[in-house]
Amino acid sequence: MSFTSLFLDEVKQVVDGLDRDAIDRAVAILASLRDTGGRLFILGVGGSAGNASHAVNDFRKLCGIETYAPTDNVSELTARANDEGWATIFSGWLKISNIASRDVVMVFSVGGGDLENNVSPNLVTALQLAKEVGAKVVGIVGRNGGYTAKVADAAVIVPTVNPAHITPLSEAFQAVIWHLFVTHPALKQAATKWESIAPKP
């Protein structure tokens, strides 16, 4: 089997293995967030940070949800990393944003954060703060979901179908799942451009 066929077959397996109930719980949390006037904070590191930036646009423009990603402000992010340490870059940002119980923190991550192995400790400290103030947590994570899956109100775990491809499939499916969110009838308020101008069948 060619690598292309192998990878695309793995994509099919991931789709079949996704927890539909967890996705629906996340949609319900996000719909309630908008109804109560809360804010959505999306956290991610590396490729997941790029996904977070894109998702901010979609949740704001298509769903009418006030949404932010700390990684969109590189000056503050690097100042915090330099002056206070990597582990608190997100929690420090959330404190200044006055995160409250009406808000939701969404995590995009391959591992979900793991203090024991010192992987993405910044996600862990941010989620600890979120839980302290009573904010809801939604995660789209790979592997076993790490700390995010342990504390999330809704954790969508991208199933591992090949240990050699955990990262690419996890980050790819972050995009698939958040696009499902912003397209869901319970959340979507504005039409996407090309669909709005397409000829009606």
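Each of Ala31, Thr4, Ala55 was placed along the dipole of the range 1-110 (beta-carbon charges, centred on the mean Cα), and the one lying farthest toward the positive end is Ala31.
Ordered by the number of other Cβ atoms lying within 10 Å of each residue's own Cβ, fewest first, Val110, Val14 fall into the sequence Val14, Val110.
In order along the range 177-186, phi translates into HN-Hα couplings of 6, 5, 5, 4, 4, 6, 9, 4, x, 6 Hz, rounded to whole numbers, per the Karplus curve 6.51 cos²θ - 1.76 cosθ + 1.60 with θ = phi - 60° and x for Gly and Pro. Counted by neighbouring Cβ atoms within 10 Å, the residues Asp9, Asp58 run from fewest to most as Asp9, Asp58. The order of Met106, Met1, going from fewest to most other C-beta atoms within 10 Å of their C-beta, is Met1, Met106. When the Gaussian network model of the chain links Cα atoms closer than 10 Å, the mean-square fluctuations of Pro163, Pro70, Pro185 top out at Pro163.
I need the per residue convex hull volume for the range 62-201, using only the alpha carbons, in cubic angstrom as a whole number. Don't skip to the end; give the middle numbers.
Numbers: hull volume 20.5 nm³, N = 140.
Cα-based convex hull of the range 62-201, divided per residue, equals 146 Å³.
The smallest convex shape that holds all Cα atoms of the range 1-110, its convex hull, gives 136 Å³ per residue.
Dipole magnitude for the range 19-186: computed about the Cα centre from +1 point charges on Lys and Arg Cβ and -1 point charges on Asp and Glu Cβ, it is near 240 debye.
Structural descriptor for the chain: relative contact order 24 percent, calculated from alpha carbon pairs under 8 angstrom and at least 6 residues apart.
At 0.36 nm per residue, minus the direct Cα-Cα distance, what do Ala191 and Leu8 gain on full extension? Give it in nm, one decimal, please.
62.9 nm
Since every read-out is calculated from the coordinates, none of them should be taken as a lab result. Keep in mind it's a predicted model, so treat the numbers as computed, not measured. Here the Cβ is made from the backbone with ideal geometry for all residues, glycine too, and neighbour counts use every protein chain on show.
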